[in-house]
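Here it is, the structure, as C-alpha cells.
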Amino acid sequence: MMTTAQKELVKATVPVLKEAGVILTSHFYKRMFSHNPELKHIFNMGNQQNNKQQTALAMAVLAYAEHIENPAVLLPVIDSIGQKHTSLDIRPEHYQIVGKHLIAAISEVLGEAATPDLLDAWTAAYIQLAGIMSGHESTLYQAQTAKQGGWTGWRPFIVKQKVQESTEITSFYLYPADGGPVADFTPGQYLSVRLFLPEINLLQPRQYSLSAAPNGKYYRISVKKERGSQHPDGMISNRLHDFIKEGDLIDVSAPAGSFVLQPESKQVVFISGGVGQTPLISMLESLIQSGSQQPITWIHGCRNREVHAFQQQLQQWTTQHEHISQHLFYDQHEGDAAVNTGYVDLEKIADTVVQPDTRYYICGPAVFIRKHYQFLTEKGVNRADIHLEEFGPASLQLN
C-alpha cells in the first residue's frame, strides 16, 4: 500500500515525465533487452525501431503518475493494454522483470534526482500497477478458457485457404490444427500471430483484426503486403504473403481487444481507411447476420480500385439490404460517378453522417482517426458514441 508521501513523490515527477518520458522509456527498453534478450521474442521489435512502443509506454507511465490517487479512472486504458498482453501471453513473472529494469532506468536517467525515497515511491507505485494489471489479465485469461474452444497462450492453426482480396490484401483462413472448435469472439477483436523471422533470428508476434463474423469453425485475418519494406512489421506481413502456404501451421493466440461492436439499438456509421476496414467488415457482417434493420452507413477510403479489398462483398451487401449504404473515396481519380475523388471527407456527406442516435466506429492510421474524430465532435457528436481503433501501440488520447 502506497503512503500519502509516496503518492506525492510520484506526482512530483509528472513534469519530468512530460519533458523526458520517451528518453526514460527508451533507456528502459534498451536496458531490459540487454539483460533479458529472451523478451525480444515477446515484444514487437518493429515498434522499438519506430519509437512507437517507447512513446506509448511514456504516455502510460505519465497517465499513471497523474492519476496515482485514483488509478481506477484508467480502467479503460488498463483493459486495452490487458487485452494486448493476454494476446501476447504476458504472465505475472514478466512484470517482475519489467519492474526491476524500470526502477533501474529511473535511477540511471534521473541521476542524483533519483533519491532513495523517490525510488521507493516508484517501486511501490509499480507494485500497485502490476497488481492491478496482472489481476485484470488473470480475469481475461479465465474468461478465455471458460469459452467453448477457448485457450490461452499459443495454439497451432492450419492456413487452409489464402484468398487474394486486392493487389495488396490477402485473407488467411485459419483452422485449429487439433481439429477442435474455435472460441467465439466479439466482432472488432484481433488475433496475435507468431512467426519466426530468420532475418532478425527472432520469433515475432503481430496483431491482425478478425475480418469475418464469428462462425465457430475458423478465423479469418486479412493482411496488407508491405511492398519493399525491410521493417520488422512489414517482414511479418510479407512473410505471411510470400512464404506461408496453404497447409502450413502458424501459432495463434485467442481473440482479444476492446474495440468491439456494441449491442446496437442505434444506427451505425463505419469509417475506415485502407486495411483499417478489416475489423469493421466483421462488425458489419455480424449485424447483417443478426437481422438488424438499423440504418448502416459504410464509409471507406483507399488509393484506388485495385487496392480496394472486399469491394464486391460490400456491393453485394448494399444491393441486398436497403438499410445499408456506402460512400467510397479513392485518392486517385477513377472516372466513376459512384466514387468520390480524394481523401475521405465527411463534410461532403455530412447530412448522411451526422445524425442523432448514431454510433460511430473509426479505424485506420492515427492521422485518419484524429481528422474524423475532430470533425464529429465539432458537429456535436457525443464522444461516448465514437469508438476508435488505431493500428499499433496507442498514440492517440482522444476519448
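Bear in mind these aren't lab numbers, they're just calculated from the coordinates by the rules spelled out. Note that the structure is predicted; figures quoted are calculated from it, not measured. Positions of Cβ are backbone-derived with ideal geometry, glycine not excepted, and every protein chain shown enters the neighbour counts.
Can you compute the charge dipole magnitude of segment 4-146 about its Cα centre, using +1 on each Lys and Arg Cβ and -1 on each Asp and Glu Cβ, nothing else charged? Give it in debye, rounded to the nearest 20.
Taking the Cα centre of segment 4-146 as origin, the dipole is about 380 debye.
Roughly how big is the chain's charge dipole about its Cα centre, with Cβ charges of +1 (Lys, Arg) and -1 (Asp, Glu), in debye to the nearest 20?
520
Would you kindly calculate the mean projected area, averaged across all directions, of the convex hull enclosing the Cα atoms of segment 4-146, in square nanometres?
If I average the Cα hull's projected area over directions, I get 8.5 nm².
Could I ask something else about it? May I ask you to derive the relative contact order of segment 267-390, considering only C-alpha pairs under 8 Å and at least 6 residues apart, and to give it as an integer percent? Mind showing how you got there, number by number?
Working: 181 pairs, mean separation 36.4, N = 124.
This gives 29 percent for segment 267-390.
For segment 116-176, what are Rg and Dmax over the alpha carbons, in angstrom?
20.5, 59
Which one, Val344, Gln313, Tyr373, projects farthest toward the positive side of the charge dipole computed for segment 267-390 from Cβ point charges (K/R +1, D/E -1)?
Checked the options; the winner is Tyr373.
Same structure again: Kirkwood Rh over Cα pairs of segment 273-344 into Stokes-Einstein at 10 °C, 1.306 mPa s: D in µm²/s?
Estimated via Stokes-Einstein, D reaches 125 µm²/s.
After finding the eigenvalues of the alpha carbon gyration tensor for segment 267-390, what semi-axes result from the square roots of 5 times each, listed largest first in whole Å? Before the final figure, lay out each step's value.
On the way: eigenvalues 78, 69, 37 Å².
In descending order the semi-axes read 20, 19, 14 Å.
Also, quick follow-up: Hey, got a sec? Which chymotrypsin sites (Phe, Trp or Tyr not before Pro) in segment 236-307 land in a DSSP loop and have at most 14 other Cβ atoms within 10 Å?
Values: sites: Phe243, Phe259, Phe270, Trp298; in loops: Phe243, Phe259.
Qualifying residues, ordered by number: Phe243.
Full-extension gain between Glu246 and Gln289, please, as 0.36 nm times their residue separation minus the C-alpha to C-alpha distance.
Using 0.36 nm per residue and subtracting the Cα-Cα distance, I get 12.7 nm.
Counting only C-alpha contacts under 8 Å and six or more residues apart, can you give the relative contact order of the chain as a whole percent?
15
Which entries of Lys40/Lys224; Lys18/Lys100; Lys225/Lys266; Lys52/Lys100; Lys52/Lys147 have Cα-Cα distances beyond 29 Å here?
Lys225/Lys266; Lys52/Lys147
Now for a different question. Pulled fully out, how much extra length does the chain show between Asn51 and Ser325, if you take 0.36 nm times their separation in residues and subtract their Cα-Cα distance?
Roughly 94.7 nm would be gained on extension.
Testing the spin-label approximation: label points 7 Å from Cα along Cα→Cβ at Asp385 and His35. State their distance in nm.
Taking the simple label geometry, Asp385 and His35 are separated by 5.0 nm.
Taking 0.36 nm per residue of separation and subtracting the Cα-Cα distance, what length does fully extending Thr318 through His333 add?
Stretched fully, the Thr318-His333 segment lengthens by 3.1 nm.
Putting +1 on Lys and Arg Cβ atoms and -1 on Asp and Glu Cβ atoms, find which of Asn47, Leu57, Ser134 reaches farthest to the positive end of the dipole of segment 1-140.
Most positive-ward Cα: Asn47.
Which translational diffusion coefficient, to the nearest whole µm²/s, is obtained for segment 160-224 from the Stokes-Einstein equation, given a Kirkwood hydrodynamic radius over C-alpha pairs, 4 °C and 1.567 mPa s?
My calculation gives 100 µm²/s for D.
Using only helices, what value at 222 nm comes out for the chain when you add -39,500 (n - 2.57) per DSSP H run of length 4 or more and divide by the total residues, to the nearest 500 deg cm²/dmol? Present the calculation step by step, with values, prior to reporting the outcome.
Numbers: 12 runs with 165 residues, N = 399.
Computed mean residue ellipticity for the chain: -13500 deg cm²/dmol.
At what distance in nm do the modelled label points of Thr3 and Asn304 sit from each other, each positioned 7 Å from its Cα along Cα→Cβ?
6.8
Taking amide H positions as placed in the peptide plane 1.01 Å from N, state which residues far from Gln326 in sequence (5 or more) or on other chains have amide H under 5 Å from it.
Trp298
Summarise the long-distance tail of P(r) for segment 33-77 by giving the % of C-alpha pairs beyond 16 Å.
For segment 33-77, the fraction of Cα-Cα distances above 16 Å is 53 percent.
Where the centre of each part is set by its Cα atoms, how far does segment 37-86 sit from segment 152-220, in angstrom?
The distance from the Cα centre of segment 37-86 to that of segment 152-220 comes to 24 Å.
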